[in-house]
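Working notes, beginning with the structure itself.
The values are calculated or read from the model by the stated rules, or taken from the named source; none is laboratory data. Please read these numbers as outputs of a predicted model, since none were measured by experiment. Don't worry about glycine lacking a Cβ; one is built from the backbone with ideal geometry, like all the others, and counts go over all protein chains shown.
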Amino acid sequence: MRLNCLLFALLFLTFSTAQDKMYLNTDARLYKDATTNSTILGYFKTNAKVEIVIRYTKGWFLVKADNNDTGYVNNTFLSKKHTYNTTESLDIDNPILSRDKYYGSHHLFVLVANLRARNKPTTNSEIKAILTTGKAVAVKYVPVNIDHWVCISNSRFVQRKFLGERPDFNVLKKTFNGFEYEDITNRKRIAERLVQLAWNGGKENLVDAYNLYYDVAKQLKDSVLINEIETKLILVKGLASTKTYQEREAFIENTDYLIEGINVKKHFVKLSDVTKIYGAPTKIDLLTDECGVFYSETFYTYPNMVLSVNKEENLANIVTLFINAKNSLKISDHHIITHHTTERYFITKYAHYVFAGINQPHVYSIHTDSGGYNFTFKNGKIVSVDFYNLC
């Protein structure tokens, strides 16, 4: 009976502590056993959260890290709340980087192109995002085993071997040039990394990176890739000599939508005109607008537009217009975006005005400090134009 009670007490203790959460109050290491002489399993940064599995009385807790690694941490390094101590003890062997010009907290960088981030630490779990070379990701715990997983921002997981210090563009370029010309597989692999790294940096290396990638595409005789890179070369050369804020503002200040059969004035239409032609919306959404950047918090979605509406005033502000034979965008008499506008044409005409990035490779923005327009392309053709105000 006494033995059963002891077993029950032990099980209760384990269960009651299994859901406890605590935080590292300094840099710390995860050990295989409850001694600093045992194998190091991983490294924590301050404020890494762990799950307490078992509390031991001899100064050690068995904990589970955010990637499910389980091991021991000295209990003096654990607190119930976040610590705001900026003078925490740093472990010089801890590979996790502190904040820098690329990221504002503890992080590592993606080392490869098109890295799949998954929702669980397994290779067969759902892909949540595709990460690019040189992208900084938040990291609070990193395992020693390079085949183990790392939990990054937004509870996504990637394997340790794909994260590290930020790649150096010139070193990577030297690696590219070191391959034999016939080694097209490795040349393409490194060229992709160079392009992505250039986008995630100061962008001064974009032209150089795309020229190297262009050589690979021509070697592959891949007409689709060649066309895509030619378009991107036009873009990045334009980005290198972008227009000033005043020039961009003057360029878009009189921009307005054109919708056949509906009078549009400074992005506004009469709601009655819309319902007369298009009937009831396909969807109505009520969204919270904390910044007050929309006309109202009621949104009507139609097959060819999204409106922010005020029924009492019988007015609607065009948020998104899907470009088709009846819808277009007039920047000026000489600059009208229609359903015939191709991505190559748009880039050739407006590369000096746009902002672009690698995360949305076919979305281009022309904006000022107060707001602007997003132009979205698909399969080389314009799809939609969104108007937005900045918060």
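Scanning the range 192-202 finds one or more residues that are of a type outside the set (Ser, Thr, Tyr) and surrounded by fewer than 16 Cβ atoms within 10 Å (Cβ to Cβ). For the range 177-187, enumerate the residues that are small (Gly, Ala, Ser) and assigned to a loop (DSSP other than H, G, I, E, B). Across the range 177-187, there are no qualifying residues. The set of residues in the range 149-176 being of a type in the set (A, V, I, L, M) and either touching a helix residue (DSSP H, G or I) at 6+ places or on another chain (Cβ under 8 Å) or assigned to a helix (DSSP H, G or I) (or both) consists of 150, 171, 172. Of the candidates 146, 190, 130, the single residue that is assigned to a helix (DSSP H, G or I) and not aromatic (Phe, Trp, Tyr) is 190.
So is residue 295 crowded, with 16+ Cβ neighbours inside 10 Å, assigned to a loop (DSSP other than H, G, I, E, B) and in contact with a strand residue (DSSP E or B) (Cβ under 7 Å, 6 or more places away or on another chain) or not? Judged against the criteria, residue 295 is a match. Any residue in the range 162-175 that is over 15 Å from residue 108 (Cβ atoms) sitting within a Cβ distance under 7 Å of a residue that is in a helix (DSSP H, G or I) and aliphatic (A, V, I, L, M)? List the pairs, counting only those 6 or more apart or interchain. What qualifies is 169/194; 169/197; 169/198; 172/190; 172/194; 172/197; 173/194; 175/190.
Among the residues of the range 150-157, is any β-branched (Val, Ile, Thr) and surrounded by 15 or more Cβ atoms within 10 Å (Cβ to Cβ)? Within the range 150-157 (the criterion being β-branched (Val, Ile, Thr) and surrounded by 15 or more Cβ atoms within 10 Å (Cβ to Cβ)), the answer is yes, since at least one residue qualifies. Of all residues in the range 232-254, those that are in contact (Cβ under 8 Å) with a residue 60 or more places away in the chain have Cβ atoms under 8 Å from Cβ atoms of residues that are loosely packed, with under 11 Cβ neighbours inside 10 Å, 6 or more apart or on another chain, in 245/369. Restricting the first member to the range 326-346 and to residues that are on the phi < 0 side of the Ramachandran plot, and the second to residues that are among the basic types (Lys, Arg), the beta-carbon pairs closer than 6 Å and six or more apart or on different chains are 336/330.
Note on the range 30-60: among residues that are assigned to a strand (DSSP E or B) and buried (at least 21 other Cβ atoms within 10 Å of the Cβ), the one that is farthest from the chain's Cα centre (by Cα) is 30. Taken as a whole, the range 86-94 holds no residue that is within 17 Å of the chain's Cα centre (by Cα), touching a residue at least 40 places away in the same chain (Cβ under 8 Å) and outside the structural domain of residue 40 (by TED's automatic domain parsing).
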